[in-house]
Amino acid sequence: MRKNIVAGNWKMNTTLDEGVELANEINTLLKGKNVNCEVITCVPFTHLTSVNAVLENDLVKLGAENCSEHEKGAYTGEVSASMVKSTGAEYVILGHSERRQYFGENNEQLLAKTKLALANDLKPIFCVGEVLEERENGSYNDVVKGQVEALFELSPEDFGKIVIAYEPVWAIGTGKTATAEQAQDMHAHIRKVIEDKYGKEVAENTSILYGGSCKPSNAKELFAKPDVDGGLIGGAALQADSFLGIIEAFN
């Protein structure tokens, strides 16, 4: 059975001290709660080791926001999958729309990153999604299909370790949110794309998260949809109480 997941993405926010404080607040709020999903906190590279030291891993799993497509070597400023794994992280976000948009990451690079993440026993949260122009011109299903298909070199076993996050890019940080129906339609489309390649069992076991301005006020409606298995949370993950509000949408 696929997991329900709520994953926070802190992006380029919080100093180290602020990040450790936020991680402690999340721990405190979750203690004793009946949590019906896996909770993941994805933090900047500089925070990984320190946040891992304070997170209670039975409550919250640790993730990174990116890793390099290179295994090791003369790549100043890059952080490899093995380095991420050595901090205690279990997850890594790959292909976030901001990485694609601002840093030009393409499908070839993202496949290389995914393979290295898997080789280092990290679970990728692989992001896909369309921009506003693609939503408005009707090409969004084909765009997202192509992004998912970038992973189709993977074996069924390896693909089964991937979490997909659908980001309607036009709804990130804009205050706009895809309707629950729009989210469900795209998640069902993604699951069908996976089924056509890997079969029904792999598709049914793949967690697909919604990643577009999800907040406590709309999380329950989104998560009630049959193909929405949780959220990849940006701004709302930077406040422990709002992050908890999203987690509790599964209760």
Calculated on alpha-carbon atoms, Rg and Dmax of region 117-251 in Å: 14.6, 40
Pairwise label distance in nanometres, Tyr102 with Thr49, each label 7 Å out on the Cα-Cβ vector: 2.5
Percent of Cα-Cα distances greater than 22 Å, calculated over region 47-127: 22
Farthest positive-ward along the chain dipole, Cα basis, beta-carbon charges - from Leu222, Asn141, Ser82: Leu222
Table column - 3J(HN,Hα) (Hz), region 111-119, Karplus curve with 6.51, -1.76, 1.60, x for Gly and Pro: 5, 4, 4, 5, 4, 5, 4, 5, 5
Among (i) 12.4; (ii) 14.1; (iii) 13.4, the entry that matches mean projected area of the Cα convex hull in nm² as calculated here: (i)
Three-way shape label, region 98-165, alpha-carbon gyration tensor, a/c 1.5: prolate
Dipole magnitude of region 61-207 about its Cα centre (Cβ charges: Lys, Arg +1; Asp, Glu -1), debye to nearest 20: 360
Set of lysines with alpha-carbon distance to Lys220 below 27 Å, sequence-local pairs under 8 removed: Lys3, Lys11, Lys31, Lys33, Lys61, Lys123, Lys145, Lys161, Lys176, Lys192, Lys200
Cα gyration tensor, region 1-51 - rounded (a/c under 1.5), prolate or oblate: oblate
Net dipole in debye of the chain [+1 Lys, Arg Cβ; -1 Asp, Glu Cβ; about Cα centre; nearest 20]: 280
Simple label model, 7 Å out from Cα along Cβ direction - Glu221 to Ala74, nm: 5.6
Structure-based [θ]222 nm, the chain - -39500 (n - 2.57) summed over DSSP H runs of at least 4, per residue, nearest 500: -12000 deg cm²/dmol
Pairwise label distance in nanometres, Glu136 with Asp58, each label 7 Å out on the Cα-Cβ vector: 5.2
Taking the C-alpha atoms of region 141-193, convex hull volume expressed per residue in Å³: 84
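For Lys200 and Lys176 in the same chain, what is the full-extension length gain: residue separation times 0.36 nm, less their Cα-Cα distance, in nm? Kindly include the intermediate steps, with their values, before the conclusion.
Details: separation 24, 0.36 × 24 = 8.64 nm, distance 3.26 nm.
Separation in residues times 0.36 nm, less the Cα-Cα distance, equals 5.4 nm.
Just so you know, all these numbers are worked out from the coordinates, no wet-lab data involved. From a predicted model like this one, the values you see are computed outputs, not experimental measurements. For neighbour counting, all protein chains shown are included, and Cβ atoms are generated from backbone atoms with ideal geometry for every residue, glycine included.
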